[in-house]
Structure formats: C-alpha cells, structure tokens
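Q: Once you've had a glance at the structure underneath, I'll fire off some questions.
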Amino acid sequence: MSRTIRNLGLAEIGTLLDWAAAEGWNPGLDDAVAFHAADPHGFFGAFVDGVMVAGISAVAYDDCFGFIGLYICHPDWRGKGHGRAVWDAGMAYLGSRTIGLDGVPEQQANYARMGFVGAYDTIRMSGVLGPVAGAAGARGQPGLTDIAALDRACFPARRDEFLRHWLVPPHRSIFHADAGHMQAYAVLRPCRDGAKIGPLFAGTTPMAFELVSSLSGPVHIDVPAMHTDWLAALRQLGFTPGFSTRRMYRGSPPQMDLSRVFGVTTLELG
C-alpha cells in the first residue's frame with residue numbers, strides 16, 4: 001500500500017462533502033466553492049493508488065485562527081491509519097494557531113487528549129417555518145461591506161473570501177439595520193435535507209426571531225446551548241432538538257461576542 005497526502009482540489013472537496021452527506025451530516029448543496037474560497041490550501045486528502053480514502057478541512061482564516069472539520073475516512077478504508085494521516089497533515093498546516101472544531105459526543109474525549117478544551121455545546125434544532133404576517137426581517141441583499149463589522153464581532157477572524165460566496169444565491173441573505181447600522185443578519189442555504197440557517201447573528205432574541213420569521217420551509221439551526229430563551233422560542237415554533245456537538249479549542253479561546261451568535265455558520269468551518 002502506497003499512501004500519499006496532498007491538497008484537495010474543488011472537485012475533490014465535493015467528493016468529501018458527498019461522504020459527509022452519506023454520514024448524515026447534511027451539507028449544503030453548494031458548499032464546495034465557498035469552503036474552497038475560505039482557504040484553497042486548507043483541504044487535505046489521503047490517497048492510495050490514486051484513490052482518495054480520507055479527507056479533512058483545516059482552514060487557516062488568518063495567522064491566529066484555524067478550524068478543523070470534514071474529518072472523514074471512507075468506510076472501506078477505516079482502521080488503516082489513513083484518518084490519522086490526514087489529521088496530522090491538517091494540524092501541521094495550522095501550526096501554532098488557535099484551532100477550533102465541533103466535536104460529536106463520542107469523539108470529545110479523543111479531542112481532549114489532543115489538547116482541545118470545550119467552550120460551549122451546540123444543539124441542532126429542526127422545524128418547518130411559515131412566514132409570519134408583518135415580519136420585517138427581509139430588507140434586501142446585504143453585501144460584504146454591510147455585514148463585515150458584525151461578522152467579525154461574532155466570528156474569530158475575518159473571512160471575506162468565504163463570505164463573498166456565502167452571501168449570494170442560491171443562498172438567501174437577510175438582515176436588520178437600524179439607522180444605517182447593521183444589527184443582525186442571517187443566511188439560508190439549501191441542503192441535501194431542507195435548508196440550514198447559518199450564520200444567525202443578532203443583538204437580541206427578538207431580533208433573531210424577526211429574521212427567522214421572514215423565512216419558510218424545513219430548516220435546521222445549530223444553536224449555542226447558552227441561548228435558552230432562543231431555544232424556547234424555537235420550541236414554541238415547533239422545532240425539536242436533534243444531535244449536539246461541543247465547540248472545542250486548542251490554544252487561547254478566540255475573542256468573539258457569543259451573546260450575538262444565535263446560529264453558528266457551519267459545523268464544518270466554524
């Protein structure tokens with residue numbers, strides 16, 4: 001067996017996302033382009049005789065922060081060290097940066113042994129939205145310059161290249177502004193099953209509710225568990241909790257305003 005590790009191209013990132021769908025992770029229909037734009041060098045695959053057998057995303061947002069996700073070994077190739085090989089490649093690439101990830105319960109102890117420390121839990125909430133009469137969340141299509149300051153306050157690093165692709169169709173972006181100042185924004189992205197709302201950044205629970213109330217259809221939101229009022233509001237809308245993950249960091253936790261994070265952008269890239 002001859003194993004090689006190398007960066008993934010756009011089509012191979014698409015293959016990795018197909019693997020994620022097979023695992024039940026429900027990625028977006030058009031994630032590959034935006035993910036690749038976040039860091040074209042941040043995706044690694046293990047190949048045996050030219051066949052991809054494992055992959056990982058290790059996105060370096062800047063010199064201080066990176067994020068691990070899409071850590072998958074193809075079921076036919078497990079138990080042969082391929083997963084650990086791409087893990088080591090991704091971690092080496094991110095180097096001394098603070099590194100984040102969203103760990104499922106069965107893997108959290110493993111990540112802890114590798115130096116990751118839990119920061120908060122996230123709960124997948126799923127339901128069907130119907131437009132609320134008088135909802136004022138949709139106020140046009142925000143651009144990068146409109147939301148850059150708010151996004152940076154709620155995310156550990158600037159991510160302009162990612163957002164240039166994330167804010168445009170087929171995604172739907174909505175926002176709330178007051179006197180020209182961006183107070184909240186959300187993105188709805190079509191997925192293999194329904195759609196996901198992420199990010200959902202807002203100053204208050206009523207503001208988050210206003211944005212969500214302007215949308216319709218089956219949706220999923222990954223909600224930080226400390227937002228108990230927001231979770232209660234979603235339950236009143238008929239949403240039910242699904243699986244949970246734990247945001248974990250290796251290194252100094254990043255500076256961000258978690259009180260305004262009502263829905264994380266993605267579990268794959270943070």
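The values are calculated or read from the model by the stated rules, or taken from the named source; none is laboratory data. These figures come from a predicted structure and were not determined experimentally. Don't worry about glycine lacking a Cβ; one is built from the backbone with ideal geometry, like all the others, and counts go over all protein chains shown. Each accessible area value is taken on the protein alone, full model and side chains, heavy atoms only, with ligands, DNA and RNA left out. Shrake-Rupley method; radii C 1.70, N 1.55, O 1.52, S 1.80 Å.
Q: What order do His82, His36 take when sorted by accessible area (1.4 Å probe), most exposed first? Kindly include the intermediate steps, with their values, before the conclusion.
A: Numbers: His82 0, His36 55 Å².
Descending accessible area places them as His36, His82.
Q: Right, next: Based on C-alpha coordinates, I'd like the Rg and Dmax of the stretch 45-105, in Å.
A: In order Rg, Dmax, the Cα atoms of the stretch 45-105 give 12.2, 36 Å.
Q: Here is a follow-up. Taking every Cα atom in the chain, find the radius of gyration and the maximum pairwise distance Dmax, and write them in Å.
A: 18.3, 63
Q: Show log10 I(q)/I(0) for the stretch 206-270 at q = 0.13 Å⁻¹, two decimals, from a solvent-free Debye sum over equal Cα scatterers.
A: Taken in order of the listed q values, log10 I(q)/I(0) reads -0.41.
Q: Now, a different point. Can you tell me the orientation of helix 10-22 relative to the chain, as the angle in degrees between its alpha-carbon axis and the longest Cα principal axis, to the nearest 10?
A: That works out to roughly 80 degrees.
Q: Give the calculated FRET efficiency between Thr204 and Ala22 to the nearest 0.05, with a Förster radius of 41 Å applied to their Cβ-Cβ distance. Mind dumping the intermediate values first?
A: Numbers: r = 39 Å, r/R0 = 0.94.
The formula returns an efficiency of 0.60 here.
Q: Quantify, in whole percent, the carbon and sulfur part of the accessible surface of the stretch 50-202 (1.4 Å probe; protein heavy atoms only). Could you put the intermediate results ahead of the total?
A: Details: 3340 of 6390 Å².
About 52 percent, which is the carbon plus sulfur part of the accessible surface.
Q: So, one more: Among Ala225, Gly9, Leu129, flag the residue with its Cα farthest along the positive direction of the charge dipole of the chain, charges on Cβ as +1 for Lys/Arg and -1 for Asp/Glu.
A: My answer, from the dipole projection, is Ala225.
Q: I need the per residue convex hull volume for the stretch 51-195, using only the alpha carbons, in cubic angstrom as a whole number. Mind showing how you got there, number by number?
A: Working: hull volume 24.5 nm³, N = 145.
Taking the convex hull of the Cα positions in the stretch 51-195, it is 169 Å³ per residue.
Q: So what does Tyr120 come to for accessible area, using a 1.4 Å probe and Å² rounded to 10?
A: Approximately 20 Å² for this residue.
Q: Oh, and also: Considering only protein heavy atoms, with the full assembly of protein chains and a 1.4 angstrom probe, order Asp257, Asp102 by accessible area, largest first. Write out the running numbers ahead of the final one.
A: Numbers: Asp257 50, Asp102 25 Å².
Of Asp257, Asp102, the descending order of accessible area is Asp257, Asp102.
Q: Same structure again: Tell me the relative contact order for the stretch 85-235 as a rounded percent, counting alpha carbon contacts under 8 Å between residues six or more apart.
A: Numbers: 196 pairs, mean separation 43.8, N = 151.
Result for the stretch 85-235 is 29 percent.
Q: Something else: Can you compute the charge dipole magnitude of the chain about its Cα centre, using +1 on each Lys and Arg Cβ and -1 on each Asp and Glu Cβ, nothing else charged? Give it in debye, rounded to the nearest 20.
A: Values: 22 positive and 25 negative charges, 66 e Å.
Here the size comes out at about 320 debye.
Q: Here is a further query. Percentage of Cα-Cα pair distances in the stretch 1-110 greater than 24 Å, rounded to whole percent? Display every interim value, and only then the final one.
A: On the way: 1119 of 5995 pairs.
Percentage above 24 Å: 19.
Q: Gaussian network model of the chain, Cα springs within a sub-10 Å range: biggest mean-square fluctuation belongs to which of Asp229, Asp76, Asp193?
A: Of the options given, Asp76 has the highest mean-square fluctuation.
Q: Using the Kirkwood radius over Cα pairs, work out the Stokes-Einstein diffusion coefficient for the stretch 85-135 at 4 °C and 1.567 mPa s, in µm²/s as a whole number.
A: Value of D from the Cα-based Kirkwood radius: 91 µm²/s.
Q: Relative contact order for the chain: what percent, with Cα pairs under 8 Å and sequence separation of 6 or more?
A: Working: 571 pairs, mean separation 65.5, N = 270.
That works out to 24 percent.
Q: Follow-up question, since we're still on this one. Against the globular-protein guess of 2.2 N^0.38 Å, express the Cα radius of gyration of the stretch 145-270 as a ratio, rounded to two decimals. Intermediate results must be reported in sequence, preceding the final value.
A: Values: Rg = 14.0 Å, N = 126, 2.2 N^0.38 = 13.8 Å.
Scaled against compact globular proteins, the figure is 1.01.
Q: If I take every Cα pair under 8 Å that is 6 or more residues apart in the stretch 5-119, average their sequence separation and divide by the length, what percent do I get for the relative contact order? Don't skip to the end; give the middle numbers.
A: Values: 161 pairs, mean separation 25.7, N = 115.
After rounding, I find 22 percent.
Q: Quick check: the angle from helix 144-154's long axis to the longest principal axis of the chain, C-alpha only, nearest 10 degrees?
A: The two axes meet at around 70 degrees.
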